[in-house]
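Here the structure comes first, spelled out in structure tokens, and everything after it is commentary.
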Amino acid sequence: MKKSLSFILLASMLLTCCTKEGNTIYKPTPGEEQPATTPLVTVIYGPNGLGDRSYNDLIYKGVEMAAKQYGLRTLQLAPESEAQGLIYLETMFRQMESASDTVRRLFITPSPVYDDFIRKNNKRLEKNPYADLLYLETSTPLEGKGSTFYIDYYGAMYMGGCMAQYCSNFLLSLILANPYTQTVVEAGEGFEAGFNDSPSVYKNPITLHKRYLSNEPGGGFTIADSTATRIYKEESDYLPEGMKKNVTIVPICGGAMHAFYRVIRSMNTSENYVGIDGDMTVDTDCCPYAILKHIDKVMVDYVGMWLNGTMPKHQTLGLADGTTDAIIGYDYKWKGTDKLWQGVLDMDSLRQVAIRKEEERYER
């Protein structure tokens, strides 16, 4: 009975007009009535995805930007577990199979934990011509109804690896969520390739050390601050006495990155980290440069294409089209960054090299 009630309550939300706040409806003109036929965009995140201050929060931002721009209704669901997320999805598919109205609805799922369910059930939406699905990120298109895209992070991460030779401490710790998630693995490979292809500019070469937070598929995207502190200490133990605080963290691990950021910010400025996904150079002098993924802008573009009927079945985006990039923190003043200003590493030339590397790797 309890499970049936949860289906009924969620079904009501999916067919109406809630946002994350529960009662906010964006309108193209203040004071204008929002008709029940207004298109609705629903996002179902991975477990505890929202609040990561990076990838998922940028998706949320992009969807709300699109809602304001186009006058849409939005519902952004943040399940506490994979099981709860699957209940949301099953409810969505049931409702769309039986819906008799003509309201246009776009459902977005930005988490690989739902991959099996999506691929087994997406054809159920073919019964409803007014329902569409956008699944991200994956390099494998859906068979049947639904669009997909993949953001190639290799080129931007290649740039970041090259820049690390100019903007890092004695030990560069590349911390990856797990060895199975495609976006994480390829980002790590790009960073390593860039680092290895760029010559050291210091008398004492920088050492790159790689580790995974989890050996489970889909794991390693959330950790406690105490775990981040322990891992940071373990990494610093690779350095001799007197140099143990000279560690630069490169956290390619989703929301877990912020545990490292909080720990590092509590220390002195000899510790630093590389910003991932968002521009964190503006928040602190601990971040010399950032590697960006403009997923918020991609979401605005995709919602627009969905509305005008031009949403592609699948596409791969990356450094060449500006979806990703790497930037230097303009307020970060120290020897390593000064070398960049002096032209030792030309960012425009590096970007072109990275674009070529990315295109060669995927033959796009």
Problem set entry | Number of the exception - THR42 against (1) among the hydroxyl-bearing types (Ser, Thr, Tyr); (2) under 21 Å from the mean Cα position of the chain (by Cα); (3) open to solvent by 10 Å² or more (accessible area, probe 1.4 Å) | (3)
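Each row is one residue, and each column tells you yes or no for (1) open to solvent by 10 Å² or more (accessible area, probe 1.4 Å); (2) over 18 Å from LEU317 (Cβ atoms); (3) in contact (Cβ under 8 Å) with a residue 24 or more places away in the chain.
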| position | (1), (2), (3) |
| --- | --- |
| GLY161 | no, yes, yes |
| SER173 | no, yes, yes |
| PRO179 | yes, yes, yes |
| GLN182 | yes, no, yes |
| GLY188 | no, yes, yes |
| GLU192 | yes, yes, yes |
For this session: Tell me which residues, restricted to the range 299-328, are aliphatic (A, V, I, L, M) and at positive phi.
Result: none
Exercise. Pairs under 6 Å by beta carbon, first residue closer than 22 Å to GLY304 by Cα in the range 32-59, partner of a type in the set (A, V, I, L, M, F, W, C) and modelled with pLDDT under 85, six or more apart or different chains?
Worked result: GLN34/ILE25; ASN56/LEU50
For this session: Go through the range 41-72 residue by residue and tally those that are farther than 19 Å from ASP301 by Cβ and either in contact with a Ser or Thr (Cβ under 8 Å, 6 or more places away or on another chain) or at pLDDT 95 or above (or both).
Result: 6
Exercise. Restricting the first residue to the range 210-239 and requiring it to be among the polar types (S, T, N, Q), which pairs with a second residue that is not in a loop (DSSP other than H, G, I, E, B) meet a Cβ separation below 8 Å and a spacing of at least six or different chains?
Worked result: THR222/GLY254; THR222/GLY255; THR222/ALA256; THR227/ALA259; THR229/VAL263; SER236/LEU171; SER236/VAL247
Exercise. Of all the residues that make up the range 95-118, how many are in a helix (DSSP H, G or I) and of a type in the set (Gly, Ala, Ser)?
Worked result: 1
For this session: Looking only at the range 132-152, decide whether some residue is of a type in the set (Lys, Arg), assigned to a strand (DSSP E or B) and surrounded by fewer than 23 Cβ atoms within 10 Å (Cβ to Cβ).
Result: no
Exercise. Does the range 85-94 contain at least one residue that is in a helix (DSSP H, G or I), among the small types (Gly, Ala, Ser), modelled with pLDDT of 90 or more and crowded, with 17+ Cβ neighbours inside 10 Å?
Worked result: yes
Exercise. Looking at MET299, MET280, MET305, MET257, which is the one that is modelled with pLDDT of 85 or more and surrounded by 21 or more Cβ atoms within 10 Å (Cβ to Cβ)?
Worked result: MET299
For this session: Kindly list the number of the only condition in (1) in contact (Cβ under 8 Å) with a residue 40 or more places away in the chain; (2) touching a Pro at 6+ places or on another chain (Cβ under 7 Å) that fails for PHE107.
Result: (2)
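The values are calculated or read from the model by the stated rules, or taken from the named source; none is laboratory data. Keep in mind that this is a model prediction, so the values were computed, not measured. Neighbour counts run over all protein chains shown; Cβ positions are idealised from the backbone, glycine included. Note: accessible area is taken over every heavy atom of the protein model, side chains too, but ligands, DNA and RNA are not part of it. Shrake-Rupley method; radii C 1.70, N 1.55, O 1.52, S 1.80 Å.
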